[in-house]
Each structure stands twice: as structure tokens, then as C-alpha cells.
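Trainee: Here it is: the structure, laid out below.
The values are calculated or read from the model by the stated rules, or taken from the named source; none is laboratory data. Because the structure is a prediction, the values reported are computed rather than measured. For neighbour counting, all protein chains shown are included, and Cβ atoms are generated from backbone atoms with ideal geometry for every residue, glycine included. When the accessible area is computed, the model is the full protein with side chains, heavy atoms only, and any ligands, DNA or RNA have been set aside. Shrake-Rupley method; radii C 1.70, N 1.55, O 1.52, S 1.80 Å.
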Amino acid sequence: MAAKSFDLIVIGAGPGGYVAAIRAAQLGLKVVIVEREHMGGICLNWGCIPTKALLRSSEVFHLMHRAKEFGLKAENIDYDLDAVIKRSRDVAKQLAGGVAHLMKKNKVTTVMGTATLTGKDKVSVKTDKGSEDLTAKNIIVATGARARELPGLEADGDLVWTYKHALNPPHMPKKLLVIGSGAIGIEFASFYNTLGADTTVVEVMDRVLPVEDAEISAFAKKQFVKQGMTIKEKAMVKQLDRGKGKVTAHIEAGGKVEKLEFDTVISAVGIVGNVENLGLEALGVKIDRTHVITDEYCRTGVGGIYAIGDIAGAPWLAHKASHEGVMVAELIAGGHPHAVKPGSIAGCTYCQPQVASVGYTEAKAKELGYDIRVGRFPFLGNGKAIALGEAEGMVKTVFDAKTGELLGAHMVGAEVTELIQGYVVGRQLETTEEDLMNTVFPHPTLSEMMHESVLDAYDRVIHM
């Protein structure tokens, strides 16, 4: 059968790939997208979206327990784990269907199957019905990543889980060990802990949420401990002895090994790029530790082949992948897009309390040689936070003392994943402290703390 010809082949229909396909189609290119499993990729089916649905259930459950504080009555509070999981799966299903609809609407051809590059402009797809050959001058590889498995800590789906098992659990953990305290680990720890699991988190670095500002990490940790979690930092799970219905974890910290028993372990120790069996190396595409090496425009160094999203390295965030997809589509269509700057991409973690940040931490700004001014404002000083019953949290801002440039913003507390966008826009517009001080923030809102934090950096704070 003759190969079908297109302007662009996109491999992978996650938040990088499907967005690239839509933007390229809008720009008049003839596009085909290849997906081996689910439209919407991991993010939509087994990542960002279903975890948020789960965390919303645990947040409502948590609030039900606090009913009395709000003058309300709720008795015999309980949950149905199967129903919680079903809601999460239904949310994912609805959105995956939405992606398939968007492909049709934008006249993007969809091929379900596993793709291999057989030449720099040729892709062979293994489908249920055999194989299909596609050709295009441009190929975007957006195959994403999967959970990293450490030797001896491999998942079995029963006692030891990856994020996938944790999203569709075979049982409710009673005594849970979470290995790794990045966003994925902490979100699952938060969910299961709120539903009553006795939760221990082990982190190899010197603090939980190690990519966050140290002050924010410390604040979040205090809250997690208050909620009953056990946090072990500078610690490592050396081995897991699996028995019937239980796991004995050997946890090493400070040169000593402690043996603790759990009924469930969630491993969240990072990710590995899906670079295998794509035929990339044979074409001269360079790969370093499971990630494709690209320039700032996601070009691989082999003409016409691009890599975006998780496969192209950190930060491993859906919104970064989507932006890269748009950028590459515009590049291919002859445009002159701006490169995506990692420093202007916000990170959000949906634990309780939420954590969000953009730009440099205080330590990083100092390390880069900036003379800095730092402002802080607590949730305790904000009327809306008090009215919501969410007085635990803080907003922290870091400025360049010489120019007034906003170098970084870091938050912990209720709804900060929504608030952070204000500072993201500010950084994009190259705002200074003066612009932010002269902005009128609406009252009563949580966003007023963003204003106060800026004022505090310049010794002008009002409500503290």
C-alpha cells in the first residue's frame, strides 16, 4: 500500500501532541496524529486530570469533617472509594472524548497504533489491522514519559503501586509508604492520608517538595505533619521485602537502617522518557538519559524532526508541552514564535495545602548573584482567607533590588494554584515592583496577599 502523505506527522496525542496538531491544522497544514493508547495521553487519562478529581473528593471530605466550624451539621461522614474512583475515571473519559472531537473538528487524521520512524520523513504505524505508512517533511515526537522504576522497588499492582495503580486502587491502604515527595508523591500522600491511611513519606533530598523554595517546603511539611503524615527526609528505601498482604521497607537515614511494615507502597521517584523503539538513534537523533536533546525551539538537530513535552526534558509539565506544541507548529508553518522559557513556567502541586511557584527561589536568585529584596505575607492577615476558614498559608515574592524585576513568586495555601497565574503574567510582561504596587487588587480576595507580599518586599506592607 502506498504511503499516505502529510505536511506534519505528530507521534503521541498527549497535551503536547494534540495541541501541536490543532495549531498546525489551524495554520493550514495537513496533519496526522498517531496515538498508541489514549487520546489526551497520560495527563488526561492517568495524570493531571484524574488526580485533581480524586483530590477534590478528599478536599470535600476534609471540609465535611470541619462542618461544625462553619455552623453546619454533618453526621456519620464516610466515603465510598469505588464511587470516588469512578467519578475520577468518568472525568478523564469525558475529556479524552473531547480531544477526539477536537481532532475531527480541526480535520486532523487520527491513526491508533505504535509508530516507528523508518526515515527522516517516514513513519510506519503498527495498528490492529496491520501496518500503515505515513510520510511528511516534518515530524513531532511527543511520546511522553512513564514512571521510573528503581531496582527492587518495582511495582506489582498489589502491594507496590505506580501512579496508575494509585488512581485505580485494588484496595484502600491502611498503612501507606510513599517513596518520593515531588508533586506526584505528595498529591497521592495527601489524598490517601485525608481518607484515613496512616501515611509515611520518604524523600532522599533534605526536604519535601525539593524543587520549591525552602521556606515554602518547610511550611508545607509542618501542615502535612499536623495532618498526621510521617515525613522522613534525607532517607532512602533500600529494599522492600514482600510478604502476604504486607511489605517490610528497609529505610536508611543517617547511616542507620530502620525496618517498617506497610500494606501499600506508592513509588513516585521520577520519570523516564518514552524514547525506545522509535528509530530515533538510527536517524542520528541524540538521546541523553532517556530524553531527546533539543535546542530552545525543540529541534533535534535532524532536519524536520522535533521533540516536545516530557520526552524533551524538564520541567515535566503538561502546560510546557502544550506551549512547545504551539511553538513548533508555528515554526513549521513559517512563523517566528518566541521560545518557551523554562523560568516563566509555573509549577503547581494540588496537595493540602496547595503549593505553586514561578521563577527563581530565594536561594537560586542569591546563587545567581542577584542582590534581592524578599516580601512575605501570611494568609492569617487576609480577610477572605479568614472568612473561608483557610488561615494557613503564605505568599513570598523575590525581586531584583537593582531593577525591581520580579525574579520569583512562591505560595502555599488554599487556591494558590489559581493565584500564581497573576505573577506568571507579571513576569511575561516584565513587570517591576512599581507596576505591581500600583495595581488595584479587588477586595475581599486571596489575591490581595499578592499585593501585600510585594509591598512587604519594599517595607510598605499595610496589613501586617
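Trainee: Ordering Lys384, Lys366 by accessible area with a probe of 1.4 Å, largest first, what comes out?
Mentor: Lys366, Lys384
Trainee: Find how many whole Å separate the alpha carbon centroid of segment 446-463 from the alpha carbon centroid of segment 58-105.
Mentor: About 35 Å separates the Cα centre of segment 58-105 from the one of segment 446-463.
Trainee: Rank Ile9, Ser447, Ala189 by how far each Cα sits towards the positive end of the charge dipole of the chain (+1 on Lys, Arg Cβ; -1 on Asp, Glu Cβ) and give me just the farthest.
Mentor: Ile9
Trainee: Kindly sort Met103, Met437 by accessible area of their heavy atoms, largest first, with the probe set to 1.4 Å.
Mentor: Met437, Met103
Trainee: Which value, in debye to the nearest 20, describes the size of the charge dipole of the chain about its Cα centre when Lys and Arg Cβ atoms bear +1, Asp and Glu Cβ atoms bear -1, and nothing else is charged?
Mentor: 1100 debye
Trainee: Need one value: the accessible area of Val326 in square angstrom, 1.4 angstrom probe, rounded to the nearest 10.
Mentor: 40 Å²
Trainee: In square angstrom, rounded to the nearest 10, how much accessible surface does Ser124 have for a 1.4 Å probe?
Mentor: 30 Å²
Trainee: Tell me whether the chain comes out rounded, prolate or oblate; compute the Cα gyration tensor, take square roots of the eigenvalues as a ≥ b ≥ c, and use a/c under 1.5 as the rounded threshold.
Mentor: Note, shape of the chain comes out oblate.
Trainee: Right, here's the next one. Among Leu283, Leu260, Cys48, which residue has its Cα furthest toward the positive end of the charge dipole of the chain, with +1 on Lys/Arg Cβ and -1 on Asp/Glu Cβ?
Mentor: The Cα lying farthest towards the positive end belongs to Leu283.
Trainee: Show that you can apply the helix-only estimate: for the chain, add -39,500 (n - 2.57) for every DSSP H stretch of four or more residues, divide by all residues, and state [θ] at 222 nm to the nearest 500.
Mentor: Estimated from H runs of four or more residues: -9500 deg cm²/dmol.
Trainee: Here's a follow-up. Any chance you could look up the accessible area of Tyr18 with a 1.4 Å probe, heavy atoms only, rounded to 10 Å²?
Mentor: We get 40 Å² for Tyr18.
Trainee: If you don't mind, another one. Which Cα, out of Tyr370, Thr127, Ile139, lies furthest along the positive dipole direction of the chain (beta carbon charges, K/R +1, D/E -1)?
Mentor: The one lying farthest along the dipole's positive direction is Thr127.
Trainee: With all protein chains present and a 1.4 Å probe, how do Trp46, Trp316 order by accessible area, largest first?
Mentor: Greatest to least solvent exposure: Trp316, Trp46.
Trainee: Using alpha carbons only, how many angstrom separate the centre of segment 242-262 from the centre of segment 422-441?
Mentor: Cα centroid of segment 242-262 versus Cα centroid of segment 422-441: 49 Å apart.
Trainee: Here is a further query. Among 318-325, 390-397, 206-213, how do they line up from the highest to the lowest mean number of other beta-carbon atoms within 10 Å?
Mentor: Highest mean packing first, the order is 318-325, 390-397, 206-213.
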